[in-house]
Amino acid sequence: IFDEVYYGQYISFYMKRIFFLDGSGPPFGHMLLALGGYLGGFDGNFLWNRIGAEYSSNVPVWSLRLLPALTGALLVPMAYQILLELGFSHCAATGAALLILIENALITQARLMLLESVLIFFNLLAVLSYLKFANSQKQRPFSLRWWFWLTLTGMACSCAVGVKYVGVFTYLLVLAVAGVHAWHLIGDRTLSHVRVLCHLLARAAALLVVPALMYLLFFYVHLTLVCRSGPHDQIMSSAFQASLEGGLARITQGQPLEVAYGSQVTLKNVFGKPVPCWLHSHQSTYPMIYENGRGSSHQQQVTCYPFKDVNNWWIVKDPGRHPLVVSNPPRPVRHGDIVQLVHGMTTRFLNTHDVAAPLSPHSQEVSCYVDYNISMPSQNLWRLDIVNRESDTEVWKTILSEVRLVHVNTSAVLKLSGAHLPDWGFRQLEVVGEKLSRGYHESMVWNVEEHRYGKSQEQKERELELHSPAQMDVSRNLSFMARFLELQWRMLTVKSDDSEHKYSSSPLDWVTLDTSIAYWLHPRTSAQIHLLGNIVIWASAGLATAVYALLFFWYLLRRRRCIRDLPEGCWLRWVLAGALCAGGWAVNYLPFFLMEKTLFLYHYLPALTFQILLLPVVLQHVADHLCRSPLLRSVFGSLVVAWYSCACHVFNTLRPLTYGDRSLSPGELRALRWKDTWDILIRKY
Amino acid sequence: MLCATSRLLAARTATALPAQPRGRGPGARCRRRELHFPGHPEVPLGEFLAGRLARSSVSASRRAILRRGRMPPAVGGGPAGSELRPRRGRCGPQVTRAVGPDVAAEPAARSPKRPARGSRRFEAAGRWALLALVTLLSFATRFHRLDEPPHICWDETHFGKMGSYYINRTFFFDVHPPLGKMLIGLAGYLSGYDGTFLFQKPGDKYEHHNYMGMRGFCAFLGSLLVPFAYLTVLELSRSLPAALLSAALLTFDTGCLTLSQYILLDPILMFFIMAAMLSMVKYNSCADRPFSAPWWFWLSLTGINLAGALGVKFVGLFIILQVGWNTISDLWHLFGDLSLSVVTVGKHLTARVLCLIVLPLTLYTATYAVHFMVLNKSGPGDGFFSSAFQARLSGNNLHNASIPEHLAYGSVITVKKLRMAIGYLHSHRHLYPEGIGARQQQVTTYLHKDYNNLWIIKKHNTNADPLDPSFPVEFVRHGDIIRLEHKETSRNLHSHYHEAPLTRKHYQVTGYGINGTGDSNDFWRIEVVNRKFGNRIKVLRSRIRLIHLVTGCVLGSSGKVLPKWGWEQLEVTCTPYLKETLNSIWNVEDHINPKLPNISLDVLHPTFPEILLESHMVMIRGNNGLKPKDNEFTSKPWHWPINYQGLRFSGINDTDFRVYLLGNPVVWWLNLLSIVLYVLLGSIIAIAVQRGAHLPAEVEGLSQVLLQGGGQLLLGWMLHYFPFFLMGRILYFHHYFPAMLFSSMLTGILWDTVLQLCAWSLASPFLARGMYAAGLLSLLLGTAYSFYLFHPLAYGMVGPLAQDPRSPMAGLRWLESWDF
């Protein structure tokens, strides 16, 4: 069903322990889902390719969906607890719990193998444990209970961030509230300096250090679990790929570490955008005249090729010596050395000169030199510049060293321009020589991926050697931190190209529930599951936020003029409830306006949960403070009951779409389509 | 000179502790020994400055205290009485701020221990002399070798060109609001530039064209930054050395200097930002005399400058935020002051709304009115705007054209994409190649006017010629089912379930049928956005969508360029996603129907608010369109404060005249250090205060200046810097300069405070004085010397590049990334 397809494939990867990369969130959420699969005995053999496909018998659907359902169910008691801890009555707390209970969208989301309900669970857990902690602060600081809730806050925050990045907003909110409380603590003159310091340190440890460690732990577990190479390897650097089982590691295992004169290497571009590729050359030459009338050198093309190929092999040659084989003992190449690069299959030298490149006329053309005897001498000397060197005499190392090749005559740097050559260049990527003075860029940096010492002097034998797979003998491993940093960086920078979806929506549609998502349609009948909220609750939650904001500003202005409508304790409670509930709504909602990725209605659910918590707060406040006479109060009470039964009725009406348990006639479906923008699927018979 | 610094501190003590102002003031003055310097005939500069300033402020603040004592407690709000009433509810620092220079210059007649009249006059003269000196130095550095190089440098090619457009009255499009370019054009016009220079590319020689007027104008505004910074810091810190230091930092910064010397928007923008900041600070210090003439003057000046800043670049929004924040907190204080009646607070609010919202908006709109009035000839910017807009421009083919107003069956039309730079719906006698959907006739969009853009509207069910005179005219209405026949090839606009050539999720759109006879896949429903059924469809005005009847998809264009087989025109698709986006909205531009009466397009002239709205939409879209590509060298915001990389203004090779925009590294790194130091010092003080530590009176006074004045500047720096991290558009180094102005001013205040604190902590007064003066002098001389070292960057250099050890600049290439 819907995004289960998406999460399902990652669970399969976990089960098969294949490495993957998901730009949408850290691995903790996927791991939790996979845990369900593991316990249910799922072997990972299912093709998650089509929404609506029947699960085969080996998929333990029940246990896969257990965890989200469990967390979704726990939201109800937690809502109750939060309101109690905020200092509101049992009545209000029950109200909040009942509202969460009949919210259709939360139910739909929790019943499926999706991560939103897990995220909301951790969000609420963070808020709840922080409140418990803040309340025990008044009674017995540094007690066991105090420590427990404090640490739990930190852990819940890191879990929320670990499930999805948007969890970071709740984390920031909790940090902000904790910061304000700490600031009051600093101002508390009854405490000694040492004690204040202890308080601050404890908070810093629990709310900053613990989450950071937990977050690292997630990645550690993730990287230990997924240790085999898989379809996403290409995005990662060579060093990272070499650390996975299978794939590149099988090739690079046992390669010599130090590149020497005579080494045969493939050079991979470090930047790897638009696609990861290797320095490549082939028999074809640049066309004499381009389409736009500019001329070229008509020498052999040098490109960047995104597939493994025998033409990706280059030989490192010492300009002063003739042989193309490694001497014994090998003479390693060091930073600053001048080298020539010889293309393995054609034995031509890598060359650049003051001719405009085919697609980037401001840069130099790079070619393999063909001597046409037209007084254009070859300029094939390159200076090796190891970017991540530790000392100035460092040796060029396979995989580990990131190098720039600086042309000696023109001080141009070998660079991947990112443009695709036209048909004459077989749509491969253009490689150019860019002036060194233009600054540093990752697209100028290359690393050796495959490497072996050349043995054969004769061209024919060498070709044979190039075609044969490499076989060698040292292995290397990356440290966990290096792998973590790289993985994290790639996760944050990987771009999803697909920007359009039938059910995508804009944040403005969410508040008014102007959009819906069809999750599933029964293959034969018209039973279907939709992500649709309980519209009464959505509307009144939105209204409650507005009422809260108005009342808050009204009270604030009156207090400024020293008119105290509320007793101090009541006012503080009102502010704290607003800061957490209305604030939680705002931080989980407003940032989406700045995001450029494809957005769906379910992104709004965390914000909605906080908004629902605000609803009973406002109701109780109105009942307690604004309804002065008992008559008014009882009228208000009956109105609330009527409103709640109305919400129940809506819940009941929408239930078939939430559970998808029974087939509806087209007439019934049409009757359920309350808004034109709801995409309810009606079969044509 | 006697007792001077201690009096400054006393004054601050008095103001910082409003609870007992009268008791503490004089007492503290005598108690504090540490900075009580004995008279000395030859005082070093630093102490001389500090002393002079201190005296002026002590008298002033005492005056405020005295007045507070004299005034009866205010109850309620008679408007007449409110004018001179002191603001009792506000805490100490505001009273300190409240002391303007005009007050200070006035002889403090009520002061019991007033200094001699002559020395006061001498002081005032000194202040003015210093201001004059600073201004002179600034003008001298900015105008020195202004005429070099005599060719176009960097973005002069854009802004100079746009200045010429104003002189030639040619319409153009730019992503920035018009005021800056209008001023450049005006300066050129007044200085006798005739607008004939083409400004084609950087490096072109100006030859006989008069470019000095425009450069001089920019340099003039750029020079004013320094005195503005001087006055702002003086107002915020009440310390002459701090002001002098800030002014020196800006004068001797090669970056500010370079940026001020060319025809660019930045000097104009920075001028307005600094002017707004200065007038805001000035009006804050008039706060003790609300609704007085100077108060009104500075308040409205703030509004005018805000309009100017926003009118030059949208970056001006940040200074608006700063002024807005300041105003809100100001109003919040007023509101909390129970001695002011609600009516008075309401008057305060109204005054600010008038001067800071209504006035700037009016002025901003007025610049656009002038812009559209001046530019009335068709030019290179036409294509960016809608058809209705183009009808205004003389020389455009839509100008004074007359076409039928409502769409009818049989009309020959062109259909234009509403989104800019997409063009007209187009088809031609070429088929989609093998393997790409069905082999039917291509449909594309094309940017230029062409016969192949013409389509005929027909009813879906008859093929009869609707232009037959025997038929009555029948208008096309919203919701009608139509067929669009391509006029040249007689094929129908057609779509079907084949994937589009480039956007795989959309359907292919083709031309199909012979002589107008096709199939049911040629039927489209025409809808007007936001209209009800049955309405007629207006030429130019109506925004229409074409919905394919069979598949239910919407005709749109992805904006992607087709390969060579499609003649590099843009792809047209039918998108199954029904969300309303600009990609699927079209309008009818040309309209030929002999049976209908023509109306002049003047009727369709958009109103001014519509033009204003449209040009803003186009500008915002243009700004968002400036996205960096992969593999391109872009400047990142974190590069800027560390002066990581400069911008080459002119020249590349060693024989060229090279100008390189790079901040003076000494100044910039000092600024960076100061921000860190400021945050540290500020938080230490804030925590100490929150813990209830009793600070010594001197420290308390200094820390107030640091937190209040410095806080405003830090806020300015943050507002002008951090938003760039969120921006998706392409960024350049020079975007940092407004923020750099604020950070230089912060540096001035910070080091003055730090030196005073150090001096205070020393026991011996002699040592203290010496160290203060030495610190200040070394900072001033250090920046001046570094300017001497780096001045070739700004004034231009010829000779070998800095990588070359023979170059005079060789030793100055402190970072690998600098390439001058």
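The values are calculated or read from the model by the stated rules, or taken from the named source; none is laboratory data. Keep in mind it's a predicted model, so treat the numbers as computed, not measured. Quick reminder, even Gly has a Cβ in these numbers, built from the backbone with ideal geometry, and neighbours come from all protein chains shown. SASA here: full protein model, heavy atoms, side chains in, ligands and nucleic acids out. Shrake-Rupley method; radii C 1.70, N 1.55, O 1.52, S 1.80 Å.
Applied to segment A:660-667, the Karplus parametrisation 6.51 cos²θ - 1.76 cosθ + 1.60 on θ = phi - 60° returns per-residue 3J(HN,Hα) values of x, 8, 9, 7, 10, 6, x, x Hz, with x for Gly and Pro. Suppose R0 equals 41 Å. What FRET efficiency, 1/(1 + (r/R0)^6) with r the Cβ-Cβ distance, do residue A:653 and residue B:449 give to the nearest 0.05? Efficiency computed from Cβ-Cβ geometry: 0.15. Within the assembled protein chains, the solvent-accessible surface assigned to residue B:430 is about 80 Å², based on a 1.4 Å probe. Just give me a number: lysine pairs in segment A:256-468, eight or more positions apart or cross-chain, with C-alpha atoms less than 22 Å apart. So the count works out to 19. Note on residue B:498: accessible area approximately 80 square angstrom, rounded to 10, probe 1.4 Å, nucleic acids and ligands left out.
Using the Cβ-Cβ distance between residue B:798 and residue A:354 with R0 set to 30 Å, the FRET efficiency from 1/(1 + (r/R0)^6) comes to roughly 0.85. For segment B:483-565, trypsin sites (Lys or Arg not before Pro) are listed when DSSP marks them as loop and at most 12 other Cβ atoms sit within 10 Å of their Cβ; the list is B:504, B:532. Centroid-to-centroid, using Cα positions, segment B:752-780 and segment A:28-49 are 69 Å apart. Largest accessible area first, the listed residues B:161, B:377 line up as B:377, B:161 when surface is computed with a 1.4 Å probe on the assembled protein chains.
Note on surface exposure: B:514, A:82 rank B:514, A:82 by accessible area, highest first, 1.4 Å probe. Exposure here means at most 13 other Cβ atoms within 10 Å; with GluC sites (Glu not before Pro) in a DSSP loop as sites, the longest stretch of chain A lacking them is A:55-290. When the residues B:718, B:797 are ordered by accessible surface, computed with a 1.4 Å probe over the protein chains alone, the sequence from largest down reads B:718, B:797.
Across the cross-link table entries A:164/B:636; B:161/B:417; B:560/B:636; B:458/B:487, which are compared at the Cα atoms, the separations over 21 Å belong to A:164/B:636; B:161/B:417; B:560/B:636.
Loop-located trypsin sites (Lys or Arg not before Pro) in segment A:1-100 (DSSP state other than H, G, I, E, B) with a sparse environment of at most 15 neighbouring Cβ atoms within 10 Å: A:17, A:50. Per-residue ellipticity at 222 nm from helix content only, as computed over chain A with -39500 (n - 2.57) for each DSSP H run of at least four residues, stands at -14000 deg cm²/dmol.
The value obtained for chain A, namely the Cα convex hull volume divided by the number of residues, is 227 Å³ per residue.
Rounded to whole numbers, the Karplus 3J(HN,Hα) couplings from phi for segment A:188-198 are 7, 7, 6, 8, 7, 4, 4, 5, 4, 4, 4 Hz, using 6.51 cos²θ - 1.76 cosθ + 1.60 with θ = phi - 60°, and x at Gly and Pro.
In whole Å, how far is the Cα centre of segment B:635-675 from that of segment A:280-356? One Cα centre to the other: 36 Å. Kindly state, to the nearest 0.05, the FRET efficiency for residue A:142 paired with residue A:91, given R0 = 56 Å and r defined as their beta-carbon distance. It comes out at approximately 0.95.
Put simply, the amide H of residue A:281, placed in the peptide plane, has neighbours under 5 Å in A:303, leaving out anything fewer than 5 places away on its chain. Here segment B:196-239 is scanned for amide nitrogen atoms under 13 Å from the site 7 Å beyond the Cα of residue B:190 along Cα-to-Cβ, giving B:213-221. Against the main long axis of the alpha-carbon atoms of chain A, helix A:167-187 sits at an angle near 60°.
Computed from Cα atoms, the angle from the helix A:568-577 axis to the main principal axis of chain A rounds to 40 degrees.
Fraction of C-alpha pairs exceeding 27 angstrom in segment A:515-684: 42 percent, rounded to a whole number. Ligands, DNA and RNA excluded, the heavy atoms of residue A:47 present near 130 Å² of accessible surface to a 1.4 Å solvent probe. With θ taken as phi - 60° and the Karplus curve 6.51 cos²θ - 1.76 cosθ + 1.60 applied, the whole-hertz 3J(HN,Hα) list for segment B:170-183 is 9, 6, 9, 10, 9, 7, 9, x, x, 4, x, 6, 5, 5 Hz, x standing for glycine and proline. Taken about its Cα centre, segment B:320-464 carries a charge dipole of roughly 560 debye when the Cβ of each Lys and Arg holds +1 and the Cβ of each Asp and Glu holds -1. Taking the 0 to 90 degree range and rounding to the nearest ten, how far is the long axis of helix A:28-39 tilted relative to the main principal axis of chain A, both from C-alpha atoms? Roughly 80 degrees, rounded to the nearest 10. The tail of the calculated P(r) for segment A:256-468 beyond 22 Å holds 45 percent of all Cα-Cα pairs.
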